[in-house]
Amino acid sequence: MMRLNLLPWRERQRQAALRSFRRQLVAGALLALCGVTLVDQLARQRGQQQALANTRHQAALEVLGEQLQPLADVRAQHEALLARAVALEGLRAHQDVLAGVFADLERALPVGVQLLDLSLEDGNLQMTGLATSGAVVAQFMRDLSRSGALVGLELKRIRSLPGGDEFLLGARVSAFWS
């Protein structure tokens with residue numbers, strides 16, 4: 001019987017299968033490269049479209065912001081006017097208090113005391129004056145303490161001068177304080 005040598009045929013078949021596998025591998029790699037390139041290109045294109053859309057939206061927002069600026073100015077003016085109106089109402093509500101403070105000062109002012117400066121800020125009254133003696137200042141303070149408009153009367157400073165004693169008194173005006 002004759003023996004057939006099938007080894008070269010098997011070797012050729014193996015070589016053909018190996019070449020086919022390599023071709024399929026290269027074709028798959030090329031196909032994958034094309035797919036990745038295509039997806040990358042689409043992603044870049046989408047990014048550019050998004051950037052362009054963002055730029056258009058930003059320009060539209062700026063136009064709207066410019067259109068809304070007069071409204072914001074009107075609102076700011078409105079708030080300022082409201083604040084002024086509230087301050088004016090507060091002054092109107094307390095306008096009789098200042099008359100009462102001046103009346104109490106006039107009643108309490110003894111002979112020998114001269115007021116040089118009066119200042120009222122945020123409900124705090126400061127009085128600077130000149131008195132003939134410390135006893136006159138004490139009498140002035142006692143008389144002022146009976147006032148219903150002044151609260152927390154205190155002597156902040158007293159200094160002897162050749163013409164008399166200079167003093168600084170502080171008090172809270174009760175209507176502003178309460």
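Bear in mind that the values in this text are calculations on the coordinates, not laboratory data. The structure presented is a predicted model; accordingly, all values stated were derived computationally and were not measured. Reconstructed Cβ throughout: ideal geometry from the backbone, glycine too, with neighbour counts over all protein chains shown.
Between the helical axis of 95-108 and the longest alpha-carbon principal axis of the chain there is an angle of about 40 degrees.
With R₀ fixed at 22 Å, the C-beta to C-beta distance from Leu161 to Ser119 puts the FRET efficiency at about 0.60. Taking the longest Cα principal axis of the chain as reference, the axis of helix 7-93 is set at about 20 degrees. With a ≥ b ≥ c taken as the square roots of the eigenvalues of the C-alpha gyration tensor of the range 96-177, please select rounded if a/c is under 1.5 and otherwise prolate if a/b is larger than b/c or oblate if it is not? Taking the square roots of the gyration eigenvalues as a ≥ b ≥ c, the range 96-177 is prolate. Extending 7 Å from Cα along the Cβ direction at Leu31 and again at Phe102 yields two label points whose distance is 10.2 nm. Principal-axis analysis of the Cα atoms of the chain puts helix 134-145 at an angle of about 70° to the longest axis.
On full extension, the segment bounded by Leu52 and Leu7 gains 9.6 nm, given 0.36 nm per residue less the C-alpha separation. Considering only alpha-carbon pairs that sit under 8 angstrom and 6 or more positions apart, the relative contact order computed for the chain is 15 percent. The label-point distance for Ala87 and Thr128, in a model that sets each label 7 Å from Cα toward Cβ, rounds to 2.4 nm.
Working note: Cα atoms of the chain, range along each principal axis, descending, whole Å: 157, 41, 31.
Overall shape: prolate for the range 7-93, with the ratio a/c of the largest to smallest alpha carbon gyration tensor axis at 1.5 or above and a/b above b/c. As a rough guide to protection, the peptides 107-113, 159-165 ranked by mean Cβ packing within 10 Å, highest first, stand as 107-113, 159-165.
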